[in-house]
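Derivation of every value follows stated rules applied to the coordinates shown; laboratory data play no part. Predicted model, so just to flag it, every value in this text is computed and none were measured. All Cβ positions, even for glycine, are placed from backbone atoms using ideal geometry, and neighbour counts span all protein chains on display.
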């Protein structure tokens with residue numbers, strides 16, 4: 001969920017990506033370049049899809065349906081990134097990456113896909129837009145880093161856009177989950193009640209509320225971590241900009 | 001005639017900042033690291049010996065309390081590096097706290113203390129006899145653990161970082177509450193295969209409780225009181241220890257394969273199965289670590305042994 005944060009998902013990766021270069025072998029690097037190019041392209045498709053649908057309809061309403069399939073495909077595809085960490089070709093923590101990817105996947109499938117009634121909510125557009133811009137920047141950042149040719153603009157974008165995109169994404173996500181609550185409660189979606197032979201119960205409604213609450217401690221931590229990263233990576237920018 | 005004794009000088013630097021923290025002169029050559037830690041503690045009272053990590057190299061391994069100054073690769077002026085391990089708490093305290101929780105918490109659910117289930121069930125008891133049996137087994141298990149902590153185990157390390165107690169207690173207490181909630185619930189469903197299932201589960205449970213206890217005793221007997229020696233454990237006359245032929249850490253084997261698997265079958269409760277699974281994963285990690293240490297330390301370590309599951313894991 002907090003993976004809505006532009007650049008957050010690879011905060012650790014980002015400090016290492018430009019500096020390391022002894023990491024993956026030539027074959028792994030080639031694969032990763034292809035992977036990141038494909039993902040950049042995929043999210044560009046989603047971006048273009050959103051713009052075209054908006055121009056065609058003339059309203060923000062219901063744009064989710066025009067990009068539903070590529071969104072599901074490319075967001076789910078990000079699960080490969082967990083594998084990349086596990087195998088070692090990407091120097092990030094498996095746990096951190098896993099957490100961030102799975103929270104995105106959770107929102108895509110377990111909330112937006114599963115609760116049809118929220119699909120026409122504007123909050124969905126809010127987080128989809130945030131994710132789209134973030135991912136285009138993030139994946140192009142990785143692509144250029146791997147090729148050892150990172151334009152300053154991309155680096156700047158990755159460490160600056162999040163300031164707006166992260167809160168935007170989080171807002172969209174929270175509003176969407178909130179909108180889903182009444183339908184989940186009414187239909188008992190994904191819930192198990194007693195009695196049953198496994199002596200187990202699960203209330204998806206309560207679970208979603210707990211998820212929403214967890215944003216409170218998690219979001220500030222990740223946000224301020226990115227702010228600190230920004231100072232470290234882009235630090236000197238502030239000095240130049242102060243010169244009149 | 002007295003032989004001249006060469007005294008050592010010891011300087012202790014901060015491992016990160018390299019600041020000189022302490023200078024000790026006239027240190028006996030046969031002084032131990034433990035004694036040096038006590039001396040350091042005098043000049044820095046906030047760093048009691050348990051939270052001091054003293055090393056030869058800022059990024060190196062901690063020296064042991066038993067290491068003797070003159071046997072270390074240092075000149076007569078020895079330079080050590082210090083790292084603060086953070087607030088420490090004794091293993092015994094942690095164990096007692098983390099095990100008392102489940103004992104008490106489970107009983108609260110068993111007796112259906114108010115605010116857990118609907119008010120009409122307050123202070124009632126389950127009509128299923130397996131629920132009473134489960135309570136006895138669960139309680140017995142944790143009482144056994146508490147007594148072993150007090151009277152059986154001989155710990156290598158005196159302390160662990162303070163934050164561990166919060167982590168560990170959340171785990172044990174949280175899972176105990178989760179399991180106890182369902183087992184003692186008014187809508188609890190007893191095992192499908194009834195008495196047969198319960199009886200089989202109880203036998204497995206008891207067998208493994210005895211097995212686990214036997215291993216703890218065998219391990220205790222490897223180590224004289226107050227010592228931290230490490231020896232290869234071997235099967236004894238007690239048949240429950242013959243599993244040492246095939247496994248390095250049979251205490252974990254008995255714990256998972258037996259006690260908790262038995263308890264899962266006895267209660268037919270999915271949360272218990274989850275707890276067993278998580279415990280199994282954690283114990284496998286510990287067993288593999290222990291197995292690796294054994295292999296590193298002892299050239300003649302029996303090759304047939306696996307860490308936790310014979311031949312498999």
- In whole angstrom, how far apart do the alpha carbon centroids of segment B:239-281 and segment B:101-158 sit? 18
- DSSP beta bridges in chain B [antiparallel fraction, %, rounded to 5]: 65
- Query: Given 0.36 nm per residue, what is the gain on full extension from residue B:85 to residue B:281 after removing their alpha carbon distance, in nm?
  - Reply: 67.9 nm
- Item | Rg/Rh (Cα only; Kirkwood hydrodynamic radius) as it applies to chain A | 1.00
- Task: First measure r as the distance between the Cβ atoms of residue B:30 and residue B:153, then evaluate 1/(1 + (r/R0)^6) with R0 = 35 Å and state the FRET efficiency to the nearest 0.05.
- Result: 0.70
- Message: Helix-only estimate, please: 222 nm mean residue ellipticity of chain A, summing -39500 (n - 2.57) across DSSP H runs of length 4 or more and dividing by its residues, to the nearest 500.
- Response: -24000 deg cm²/dmol
- Residues in segment B:256-283 that a label on residue B:193 would reach, taking backbone N under 12 Å of a point 7 Å out along Cα→Cβ: B:265-266
- In the calculated pair distance distribution of segment A:138-244, what percentage of Cα-Cα distances lie above 17 Å? 69
- Item | Mean Cβ count within 10 Å, highest first, over the residues of peptides B:143-150, B:41-48 | B:143-150, B:41-48
- Item | Pair residue A:83, residue A:225: separation of 7 Å Cα→Cβ label points (nm) | 2.5
- Note on the structure: Simple SL model, points at 7 angstrom along Cα→Cβ for residue B:167 and residue B:118; separation in nm is 4.2
- For the pair residue B:9 and residue B:300, what calculated FRET efficiency results from E = 1/(1 + (r/R0)^6), where r is the Cβ-Cβ distance and R0 = 30 Å, to the nearest 0.05? 0.15
- Task: For the protein assembly as shown, just say rounded, prolate or oblate: build the C-alpha gyration tensor, square-root its eigenvalues into a ≥ b ≥ c, call rounded for a/c under 1.5, and beyond that prolate if a/b exceeds b/c, oblate if not.
- Result: oblate
- Item | Candidates B:130, B:152, B:68, ranked by Gaussian network fluctuation over chain B, Cα under 10 Å, top entry | B:68
- Message: Once R0 is set to 56 Å, what does the formula 1/(1 + (r/R0)^6) return for the Cβ-Cβ distance between residue B:55 and residue A:212, expressed as a FRET efficiency to the nearest 0.05?
- Response: 0.75
- Could you rank the peptides B:51-58, B:154-161 by their average count of other C-beta atoms within 10 Å per residue, with the highest value first? B:51-58, B:154-161
- At 37 °C and 0.692 mPa s, grab the translational diffusion coefficient of segment B:34-86 from Stokes-Einstein with a Kirkwood Rh over Cα pairs, rounded to a whole number in µm² per second. 286
- Message: Quick check on packing: order A:29-39, B:252-262 by the mean number of other C-beta atoms within 10 Å, highest mean leading.
- Response: B:252-262, A:29-39
- Quotient of Cα radius of gyration and Kirkwood radius for segment A:25-167, i.e. Rg/Rh, equals 0.98
- Message: 7 Å from Cα along Cα→Cβ at both residue A:41 and residue B:20: what's the point-to-point distance in nm?
- Response: 6.6
- Task: Using only Cα atoms, locate the centre of segment B:287-313 and the centre of segment B:203-222, then give the distance between them in Å, rounded to an integer.
- Result: 19
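Over all alpha-carbon pairs in segment B:106-245, figure out the percentage whose distance exceeds 20 Å.
63
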- Task: Give me the distance between the Cα centres of segment A:47-67 and segment B:18-94, rounded to whole Å.
- Result: 67
- Message: If I take the Cα coordinates of chain B and project them onto the principal axes, what are the three extents in Å, biggest first?
- Response: 83, 47, 34
